[in-house]
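Everything below concerns the one structure shown next.
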Amino acid sequence: MEFWEVLRRRKTTNGPFLDKPVSKEDQHRLMEAASRAPSHFNSQPWRFILIEDPARREKIAEIGGRTMRQLIAEGKFFERYRKYFRFSPEEMARRRDGILIDQLPAPLRPFTRQVMQPWATRLLRLLRVPEILGEDNRKLIAGSPLLLAALLDKSEYRPGELSGFYSLLALGMAIENIWLATVELGMGIQFISTPMEIPEAWAEIKRLLEVPDELELMALYRLGYLPPEPPRPRIDWQSHERRPIPQFVFRETCARPEEE
Ligand SMILES: Cc1cc2nc3c(=O)[nH]c(=O)nc-3n(C[C@H](O)[C@H](O)[C@H](O)COP(=O)(O)O)c2cc1C
């Protein structure tokens, strides 16, 4: 695929993957893509765990589902992230950032805006939104043939020091390389972030993956091959809009936005 097409087609996969193992060859291509990323002094501070074992994936899925349910039920998710939600195509077209919730079960639609308000947690519970989101998340993770953990070598990743920052940059670039490579391989990828929002759940994942003291578990992803026409989750969003150049680029100094 042509480079610019790959770049433009890269996206987050919210829906399910095919029930088909990711070939060892493709797994190693993804890892080669990661390893091609730049890093400070070529230190290559990243480490990855390829997770295929069904029991381990089920357990991670259970933790993913449980943490999603808990975060929604306690109102923490919307409290933390309300500012990123857009509620209409018009609002999205104007802002060109954030995520647009464009798929909701019928009973929820009249409350689209309200569900993000602090007082709406009880309403969400009444409509069983935490259970819906939790169960959907569990199923999506359990049905993903490949989970990927991203880690950093703690001798490089020292938060507060420059090498900590450099390591994070390097890992980010390695992950982006993987993300781009999924496009070429007909695969999708999605961040599994809810377990890291709850420290005890994150500790559970670390134990499950036998992460040693020298490594820091940084992020978790689910991957797989994309179906030709992926069904959408019951509650879903899209985020393909991007800010126009004058809204994020300056010329020479911050005093002068770049022109279109
Ligand atoms: C640090 C970081 C955290 C993210 N967390 C999540 C997440 O928890 N769940 C998810 O589905 N996507 C997550 N994403 C993906 C973003 O939502 C997504 O990249 C953004 O909305 C743009 O959409 P796109 O990737 O489809 O272009 C995360 C991305 C980054 C870089």
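The values are calculated or read from the model by the stated rules, or taken from the named source; none is laboratory data. Fair warning: this is a prediction, and the values are worked out from it, not measured in the lab. Positions of Cβ are backbone-derived with ideal geometry, glycine not excepted, and every protein chain shown enters the neighbour counts. With ligands, DNA and RNA removed, areas are computed over all heavy atoms of the protein, side chains included. Shrake-Rupley method; radii C 1.70, N 1.55, O 1.52, S 1.80 Å.
Things worth noting here:
- For residue 83, the stated conditions hold: it is at pLDDT below 95 and open to solvent by 20 Å² or more (accessible area, probe 1.4 Å).
- Residue check for residue 30: touching a residue at least 12 places away in the same chain (Cβ under 8 Å) and away from the ligand (no atom under 16 Å from the Cβ): yes
- Residue list for the range 210-226, filter: more than 16 Å from the ligand (Cβ to nearest atom) and under 19 Å from the mean Cα position of the chain (by Cα): 225
- Near pairs, Cβ below 7 angstrom, 6+ apart or cross-chain, from the range 162-181 (away from the ligand (no atom under 13 Å from the Cβ)) to any residue that is assigned to a helix (DSSP H, G or I) and open to solvent by 10 Å² or more (accessible area, probe 1.4 Å): 163/40; 166/40; 170/40; 177/33; 181/29; 181/33
- Residue count, the range 7-32 (criterion: touching an Asp or Glu at 6+ places or on another chain (Cβ under 9 Å), of a type outside the set (S, T, N, Q) and open to solvent by less than 80 Å² (accessible area, probe 1.4 Å)): 3
- Residues being over 20 Å from the mean Cα position of the chain (by Cα) and in a loop (DSSP other than H, G, I, E, B) - total across the range 76-103: 2
Each row is one residue, and each column tells you yes or no for (1) within 17 Å of residue 222 (Cα to Cα); (2) free of Cβ contacts under 8 Å to residues at least 12 places away in the same chain; (3) not hydrophobic (A, V, I, L, M, F, W, C).
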{"position": "60", "(1), (2), (3)": "yes, no, no"}
{"position": "63", "(1), (2), (3)": "yes, no, no"}
{"position": "90", "(1), (2), (3)": "no, yes, yes"}
{"position": "102", "(1), (2), (3)": "no, no, yes"}
{"position": "105", "(1), (2), (3)": "no, no, yes"}
{"position": "114", "(1), (2), (3)": "no, yes, yes"}
{"position": "153", "(1), (2), (3)": "no, no, yes"}
{"position": "156", "(1), (2), (3)": "no, no, yes"}
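- Filter pass, residue 5 being out of contact with any Pro (no Cβ under 8 Å at 6 or more places or on another chain) and modelled with pLDDT of 95 or more: yes
- One residue alone among 140, 180, 147 is in contact with a Lys or Arg (Cβ under 9 Å, 6 or more places away or on another chain), outside any helix (DSSP H, G or I) and either at pLDDT 95 or above or open to solvent by 30 Å² or more (accessible area, probe 1.4 Å) (or both), and that residue is 147.
- Taking the range 1-27 as the range and being farther than 28 Å from residue 141 by Cβ and either within 16 Å of the ligand (Cβ to nearest atom) or among the charged types (D, E, K, R) (or both) as the test, the residues that pass are 2, 4, 5.
- Only residues that are within 14 Å of the ligand (Cβ to nearest atom) and either closer than 23 Å to residue 231 by Cβ or among the aromatic types (Phe, Trp, Tyr) (or both) were counted across the range 87-121, and they come to 6.
- Filtered by the rule that a residue be away from the ligand (no atom under 11 Å from the Cβ) and over 24 Å from residue 225 (Cβ atoms), the range 182-204 gives 198, 199, 200, 201, 202, 203, 204.
- Any hit, the range 188-198, residues being out of contact with any strand residue (DSSP E or B) (no Cβ under 9 Å at 6 or more places or on another chain) and open to solvent by 40 Å² or more (accessible area, probe 1.4 Å): no
- Residue 245 vs. criteria β-branched (Val, Ile, Thr) and within 14 Å of the ligand (Cβ to nearest atom): no
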